[in-house]
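Report on the structure given below.
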Amino acid sequence: MKALKWIVGILVVLALLFYFVGMPFLKTQTKKNSPETTNTYTDGGYDLLVNYSSPSKKGRVIFGELVPYDKVWRTGANEPTRFETKTDIMIMGKALPAGNYSLWSIPKEGSWTVIFNSAIPDWGATLSSGGAEATRDPETDVLQVEAPVINMTNSQENFSITFDEYNGLFLTLAWDTTKVQVPITQ
């Protein structure tokens, strides 16, 4: 019995060490390959922020392979992408209240489902799946919209999320030869 308590105690200490030392170290190491990026937009009554980790193409086939079609993606690397609006906005004509959200997507060949979720987990994928399974809880989805894919002629090396203005405001997601633009209005 004493041996069992001792073993359980060691396992608890190891788990705590991994959580408080190992995980922060892993996050630091992965951000070297997929640097954290923040973009903001504060004009015309908007106060928007998007924070994400930007992976590189590195000669890989991105959509359909590295990022499978028809599966939830954390929309970047490392932690889930964080989207913040300090005012109520409309996303493709649907209301999104002021707040902080995790941003997820389901890439498909011709369109993407873009998802705003009220929960922001520590990590965007399960460790047991090697990063292949997203940790999004669909019960906490606030808004989902479908946006068409725009095929770009030139390949973009790093994944980016930007706020673009032309004939309106757009949340633009782009990587490789794929771009998706989500209209934002007030």
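Near ILE62, within a Cβ-to-Cβ distance under 13 Å, what is the net charge of the other residues, with Lys and Arg +1 and Asp and Glu -1?
Residues near ILE62 contribute 0 overall.
Once the other residues with Cβ under 12 Å from the Cβ of GLU146 are scored (Lys, Arg +1; Asp, Glu -1), what is the net sum?
+2
Throughout, read-outs are computed from the coordinates displayed, never taken from laboratory work. From a predicted model like this one, the values you see are computed outputs, not experimental measurements. Cβ atoms come from the backbone with ideal geometry, glycine included; neighbour counts cover every protein chain shown.
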